[in-house]
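J.: Got a structure for you, questions after.
The values are calculated or read from the model by the stated rules, or taken from the named source; none is laboratory data. Since the structure is predicted, the reported quantities are computational estimates derived from the model, not experimental observations. So basically every Cβ, Gly included, is an ideal-geometry build from the backbone, and we count neighbours across all protein chains shown. The area values use the complete protein model at the heavy-atom level, side chains included, leaving out ligands, DNA and RNA. Shrake-Rupley method; radii C 1.70, N 1.55, O 1.52, S 1.80 Å.
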Amino acid sequence: MNDAAHDLHAPHFIGIGGAGMSGLAKILAVRGASVSGSDSKESETVLALRALGATVHVGHAAEHVPDGTSSVVVSSAIRADNPELAAAHERGIPVVHRSDALAALMGGRRALAVAGTHGKTTTTSMLAVALGELGLDPSYAIGGDLDTPGSNAHHGAGEIFVAEADESDRSFHKYAPEVAIVLNVELDHHANYASIEEIYESFETFVGRITPGGTLVVSADHDGARELTARVAGRAGLTVVTVGAAEDADVRVRSVVARSMTSEVTVELDGAELSFTVSVPGRHYAHNAVAALAAGVALGVPAADLAKALGAYTGVRRRLQLKGEAGGVQVIDSYAHHPTEMTADLEAIREGLEGEGRVLVVFQPHLFSRTQQLAEEMGRALALADASVVLDIYPAREDPIPGVTSELIIDAAHRAGADVTAEHSFAAAPAVLAGLARPGDLLLTMGAGDVTNLGPAILDEIRGSVQHLSNVASNV
């Protein structure tokens, strides 16, 4: 349980309900640690942690840090003036970053780390599900729930540990994987990276952490990933496996055939063709599955077995997750918040569209800094929808930036020819969206903030409208 540098036998997590933090807390609780923590609000995740024996407080206060705490675990989102963090400093309790805690948990396992500007959660989830399907019982830590709250992490009996490796704050430099995946390299996280060159340098450092004799699985299609491959080529003790549709890919994607909400994928691997089904729509997700396949093979898992097992993956919460259907309208939740992700999800949904249906979007921009840098690209992405409603910016950890509002995205969308309107009232959005939708449409709630909560409310509004029309018709 104890790490030489980080004593995790009685950790206290500040922000324990977060996607990354809750997973580590779960694994430690299952391993027998005395886990405590705090979060800003009650949630299903908090309830799931309490069910495992963790003590979780709502709200942040110095007295929430119990006597006997061995370390206080924080993420980069925790501000310096947090009272529990201040209490840790005053009491001399070691403060451990989330990434250091994860690195400690991965110690002694065959680590597989998934990195990239987009697609990390999906690819990590695919590997966790597929390896579990094969009876390998991997441990894993993912930035999103597979299905139920608390399913973002698992302490397995097997020797493999699959982890999502976050580049946003350079914390992925802490890991030493046997196999690493880099899905793409693109400028994002503008508060921490000033240029694409800094991004490249950060990913080069991550690749340098792969253990001697290890493998890098990297996209052959993405320009940034190809640049990274060129920079690390020839490193001693590193095997590089490129994947994608490019002719020079080591694992080449021969075809991706969309079949409603699934895809049939054919790849060429070691001179032979292999076909398998991915139970999520779109080329983007199919390529994630191929990266997962290549990484598993690098760990010694037979390709044919792993390909079949990948079909057991049916998605992760908030990654094109079907929330329900009402009045012939399907409501789907999308975590996409970067233009590349937005484009990929909208293209995937359009591939699965049938008949005369339309693609509608309610988009909530995430972070003022991201909006400031990428508003034009976000607007162009929204032009792929038939109609969009844009909400106010979800600030998360950031303070407002003067002049940066959702209007920047709306203006860009109009320039791209999009049908887009603003909605400043979050509470009014469900009725607005229900009024736009008609039978056969696919409606996406899109963004990394609380826009995900709108799905059920939109469905209720549509059901109410259908019932109202039915009552009117019966009275005529």
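J.: Please count how many residues of the stretch 318-336 are open to solvent by less than 20 Å² (accessible area, probe 1.4 Å), modelled with pLDDT of 80 or more and touching a strand residue (DSSP E or B) at 6+ places or on another chain (Cβ under 9 Å).
T.: Total meeting the criteria: 7.
J.: While we're on this one: Here is a check on your reading of the model: is Ser369 open to solvent by less than 40 Å² (accessible area, probe 1.4 Å), in contact with a helix residue (DSSP H, G or I) (Cβ under 9 Å, 6 or more places away or on another chain) and either hydroxyl-bearing (Ser, Thr, Tyr) or at pLDDT below 95 (or both)?
T.: no
J.: If a residue has to be assigned to a loop (DSSP other than H, G, I, E, B) and touching a Phe, Trp or Tyr at 6+ places or on another chain (Cβ under 9 Å) to count, how many in the stretch 266-280 make the cut?
T.: 2
J.: Take Arg380 and tell me if it is out of contact with any strand residue (DSSP E or B) (no Cβ under 6 Å at 6 or more places or on another chain), within 19 Å of Leu187 (Cβ to Cβ), open to solvent by 50 Å² or more (accessible area, probe 1.4 Å) and of a type in the set (Lys, Arg).
T.: Yes, satisfied.
J.: Let me ask another. Only one residue in Arg415, Arg358 is touching a Gly at 6+ places or on another chain (Cβ under 8 Å), modelled with pLDDT under 95 and of a type in the set (Lys, Arg), so which one is that?
T.: The match here is Arg358.
J.: Has the stretch 71-91 got at least one residue that is at pLDDT 95 or above, of a type in the set (Ser, Thr, Tyr) and in contact with a strand residue (DSSP E or B) (Cβ under 7 Å, 6 or more places away or on another chain)?
T.: Yes, the stretch 71-91 contains at least one residue that is at pLDDT 95 or above, of a type in the set (Ser, Thr, Tyr) and in contact with a strand residue (DSSP E or B) (Cβ under 7 Å, 6 or more places away or on another chain).
J.: Checking the condition over 22 Å from Ser139 (Cβ atoms), open to solvent by less than 20 Å² (accessible area, probe 1.4 Å), in contact with a helix residue (DSSP H, G or I) (Cβ under 7 Å, 6 or more places away or on another chain) and not basic (Lys, Arg), which residue from Val35, Val72 passes?
T.: Val72
J.: Another question, then. Please state which of the following conditions Pro177 fails to meet, knowing it meets all the rest: (1) under 20 Å from Leu8 (Cα atoms); (2) modelled with pLDDT of 95 or more; (3) outside any strand (DSSP E or B).
T.: (1)
J.: Return the pairs, sorted by first residue and then second, in which the second residue is surrounded by fewer than 21 Cβ atoms within 10 Å (Cβ to Cβ), the first residue lies in the stretch 433-444 and is without any contact (Cβ under 8 Å) to a residue 40 or more places away in the chain, the beta carbons are less than 7 Å apart, and the residues are 6+ apart or on different chains.
T.: Between residues of the stretch 433-444 that are without any contact (Cβ under 8 Å) to a residue 40 or more places away in the chain and residues that are surrounded by fewer than 21 Cβ atoms within 10 Å (Cβ to Cβ), the close pairs are Ala434/Ser465.
J.: Of all residues in the stretch 152-168, which are within 24 Å of Ala77 (Cβ to Cβ) and open to solvent by less than 10 Å² (accessible area, probe 1.4 Å)?
T.: Within the stretch 152-168, Asn152, Ala153, Phe161, Val162, Ala163, Ala165, Glu167 qualify.
J.: Go over the candidates Ala111, Ala103, Ala62 one by one and state the one that is over 20 Å from the mean Cα position of the chain (by Cα) and not basic (Lys, Arg).
T.: Testing whether each residue is over 20 Å from the mean Cα position of the chain (by Cα) and not basic (Lys, Arg) leaves just Ala62.
J.: Follow-up. Any residue in the stretch 350-371 that's more than 24 Å from Val432 (Cβ to Cβ): show its pairings with residues that are open to solvent by less than 10 Å² (accessible area, probe 1.4 Å) at Cβ separation under 7 Å, as long as the two are six or more apart or on different chains.
T.: Sorted first by the residue in the stretch 350-371, then by its partner, the pairs are Glu351/Pro281; Glu351/Gly282; Gly352/Pro281.
J.: State which residue is surrounded by the fewest Cβ atoms within 10 Å (Cβ to Cβ) when the search covers only the stretch 392-421 and only residues that are farther than 12 Å from Thr371 by Cβ and among the aliphatic types (A, V, I, L, M).
T.: Across the stretch 392-421, the extreme among qualifying residues is Ala416.
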